[in-house]
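The values are calculated or read from the model by the stated rules, or taken from the named source; none is laboratory data. As the structure is a computational prediction, the values presented were derived from the model and not from experiment. Positions of Cβ are backbone-derived with ideal geometry, glycine not excepted, and every protein chain shown enters the neighbour counts. Accessible surface areas use protein heavy atoms only, side chains included; no ligands, DNA or RNA. Shrake-Rupley method; radii C 1.70, N 1.55, O 1.52, S 1.80 Å.
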Amino acid sequence: WASRSRVFSRDPVLSTTGMLVARVTLWLHCICWCIFAWIKRIVLWIPLMNRSFVILSSGRSGSTLLVQLLNCHPKVACMGELLNRKHIQKYHLVGVDSRLINYILASLLPRKIWLPFSGFKLFNEQLEFCSLPLTRVLNAMRRPPVIVLYRNSMLETYVSLQIAFKTDVWYSESGSPTERIQVDWEEFVEYVAAEKERWARSMIELLPMNNKLLFISFEELTGDRNKTMNEVFQLLNLEMCPVEVASKRQNPMSLDKKIINYQQIEHRMMQSEKDYTITKEWLRNIGKRNSKTFVS
């Protein structure tokens with residue numbers, strides 16, 4: 001439009017009225033774009049006018065069950081993995097913090113219009129894959145309550161993950177026959193180191209923010225479901241609500257029934273000085289230290 005205005009000024013045939021129309025049109029375009037930008041910002045911040053929450057977890061730790069239980073409450077809409085790799089790659093969002101944040105806020109918007117509480121689950125490995133700081137997400141959501149969901153036994157988590165890869169069954173409402181796998185010790189040790197490093201990184205970012213926190217283990221969630229969910233609802237300042245879901249735990253048998261070389265793995269774990277568990281105390285303590293201290 002600026003170049004067109006210059007053409008108007010050089011061409012004697014064009015009238016002053018034509019130049020005025022061009023300039024007015026240019027200004028209208030600028031005004032419209034400004035209005036659109038402000039509307040977009042306001043719309044994306046609407047979710048923050050109500051209450052949001054985040055489930056911080058890792059794969060095969062009961063996050064799908066927790067999402068379903070939360071959705072039993074009439075005032076809650078809990079979404080799944082907004083930063084799932086397939087979604088992020090589909091929309092070309094990897095490495096662009098601002099677009100990832102806008103995507104998260106926009107994804108929470110539709111349900112929050114009529115439900116006062118909404119959230120989603122976020123995995124440590126997804127933050128790593130997206131190169132997205134946890135603090136960036138929580139600050140954009142105005143520091144919402146965070147439910148930290150973990151699983152005590154890392155061997156149980158690893159076996160569940162490997163069985164899911166083998167069968168390609170990640171969720172079931174009818175249960176499934178117990179699968180058996182061979183555990184590679186070196187791969188398991190590498191998995192434990194990577195998982196603990198991700199958890200350490202998240203805790204180092206999370207704990208200084210002073211968000212409302214609730215630590216829940218997979219064992220607590222599957223053991224005393226009603227008590228655990230009451231604690232979750234209290235965190236969100238919600239009234240208690242009966243919860244019931246149709247999903248069944250996959251491969252509920254003991255480890256010796258799921259691991260072909262269980263005795264060998266058990267012997268290696270007993271000989272090792274490393275800790276192959278995750279506890280609430282470990283998560284709190286590691287958040288106060290550098291993430292490299294536990295690797296040695």
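For D275, the accessible surface of its heavy atoms amounts to roughly 80 Å² (probe 1.4 Å, protein chains only, rounded to the nearest 10). Residues whose amide H falls under 5 Å from that of N152, counting only those 5 or more places apart or on a different chain, are F218, E219, with hydrogens built in the peptide plane. Based on the Kirkwood radius over alpha-carbon pairs, what is the Stokes-Einstein translational diffusion coefficient of the range 53-149 at 4 °C with 1.567 mPa s viscosity, in µm²/s? This corresponds to a translational diffusion coefficient of 95 µm²/s.
Using a cut-off of 30 Å between Cα atoms, the listed pairs K248/K280; K86/K166; K257/K288; K258/K288; K75/K212; K258/K280 include K257/K288; K258/K288 as exceeding that distance.
About the Cα centre of the range 144-253, how large is the charge dipole given +1 on each Lys and Arg Cβ and -1 on each Asp and Glu Cβ? Please answer in debye to the nearest 20. Intermediate values should be presented prior to the final figure.
Values: 11 positive and 17 negative charges, 44 e Å.
Here the range 144-253 has a charge dipole of around 220 debye.
Taking all protein chains together and a 1.4 Å probe, the residues W27, W170 rank W27, W170 from largest to smallest accessible area. For the range 164-275, what does the alpha-carbon gyration tensor say about shape, rounded, prolate or oblate, given a ≥ b ≥ c as the root eigenvalues, a/c under 1.5 as rounded, and a/b over b/c as prolate? Since a/c reaches 1.5 but b/c is at least a/b, the shape of the range 164-275 is classed as oblate. Once backbone amide H atoms are built at 1.01 Å from N, F117 has A77 as its partners under 5 Å, excluding neighbours fewer than 5 places away on the same chain. Divided by 2.2 N^0.38 Å, where N counts the residues, the Cα radius of gyration of the range 114-169 comes to 1.48. Accessible area of H87 (1.4 Å probe, protein heavy atoms only, ligands and nucleic acids ignored): about 80 Å².
One quarter of the surface of the convex hull around the alpha-carbon atoms of the range 136-230 equals 8.2 nm², the direction-averaged projected area.
Kirkwood hydrodynamic radius for the range 76-204: how many Å is it when counted over pairs of different Cα atoms?
With all distinct Cα pairs of the range 76-204 included, I get 16.8 Å.
Averaging Cα coordinates gives a centre for the range 62-129 and one for the range 138-154; these two points are 12 Å apart.
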